[in-house]
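What follows is a short report on a single structure.
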Amino acid sequence: MTENPSTHPAGAEDGPHGIALTRTFAARRELVFEAWTTPEHFAYWFGGELEVPVDRMSMDPRPGGVWSLVMRTPDGGELPFSGVYREVAAPERLEFTVRDAAAPGGSEGEIVRVTLTETGDGTQMAFRQLGGNLTSEQYRQAEAGWASFFDRLTELLARA
């Protein structure tokens with residue numbers, strides 16, 4: 001359960017180059033961090049309602065470590081994602097790249113930064129995706145997707 005389930009879109013200064021969302025979870029910071037770095041937990045919430053089979057994902061959450069997963073679509077299609085961890089500072093910061101099949105060749109993809117701050121009896125998560133590799137419309141779609149993912153993350157943390 002969240003204390004504040006709202007998301008806050010990126011400000012005008014961000015233009016079409018990124019996403020900024022903030023969520024406050026009624027869970028300890030360590031649990032939120034584990035949800036980002038444990039395959040079983042990440043598979044539950046990443047993708048929202050789409051299935052992310054744990055046997056089709058890998059995570060090596062350390063600087064330079066690689067992660068990858070495949071989401072299954074209702075029509076039987078697959079959406080592969082991958083990236084490299086750039087910073088892992090448990091339990092307060094995580095930075096990694098994310099690429100999908102549409103990412104430009106030779107590009108590291110988008111950069112995701114997650115900062116977790118203790119707030120009373122919960123954790124505030126500041127999420128940022130940037131890179132400038134997407135159009136304004138693609139960033140709007142990605143923002144809606146992440147917001148949906150974070151709804152699932154809220155469900156996961158409520159069970160912890």
A careful count of residues in region 42-64 that are more than 21 Å from Pro74 (Cα to Cα) and either of a type in the set (A, V, I, L, M, F, W, C) or touching a residue at least 40 places away in the same chain (Cβ under 8 Å) (or both) gives 1
Which one is farthest from the chain's Cα centre (by Cα) among residues in region 106-123 that are farther than 23 Å from Ala26 by Cβ and outside any strand (DSSP E or B)?
-> Gly106
Exception for Thr117 within (1) in contact with an Asp or Glu (Cβ under 6 Å, 6 or more places away or on another chain); (2) of a type in the set (Ser, Thr, Tyr); (3) closer than 20 Å to Ala160 by Cα falls at (1)
When you go through Ala126, Ala103, Ala147, Ala142 one by one, which is the residue that is at pLDDT below 95, under 12 Å from the mean Cα position of the chain (by Cα) and open to solvent by less than 70 Å² (accessible area, probe 1.4 Å)?
-> Ala142
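Say we look at region 1-23 and pick out the residues that are modelled with pLDDT of 95 or more and open to solvent by less than 20 Å² (accessible area, probe 1.4 Å); which of these is nearest to Gln141 (Cα to Cα)?
Initial filter on region 1-23 (modelled with pLDDT of 95 or more): 19-23.
Those still in the list that are open to solvent by less than 20 Å² (accessible area, probe 1.4 Å) too: 19, 21, 23.
Values: Ile19: 10, Leu21: 13, Arg23: 18 Å.
Out of the qualifying residues, it is Ile19.
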For region 83-105, what are the residues that are under 23 Å from Thr154 (Cα atoms) and not in a strand (DSSP E or B)?
-> Ala90, Pro91, Glu92
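The values are calculated or read from the model by the stated rules, or taken from the named source; none is laboratory data. Just so we're clear, the structure is a prediction, and the values are computed from it rather than from any experiment. We place every Cβ from the backbone using ideal geometry, glycine too, and count neighbours over all the protein chains shown. Heavy atoms of the whole protein, side chains included, go into the accessibility calculation; ligands, DNA and RNA do not. Shrake-Rupley method; radii C 1.70, N 1.55, O 1.52, S 1.80 Å.
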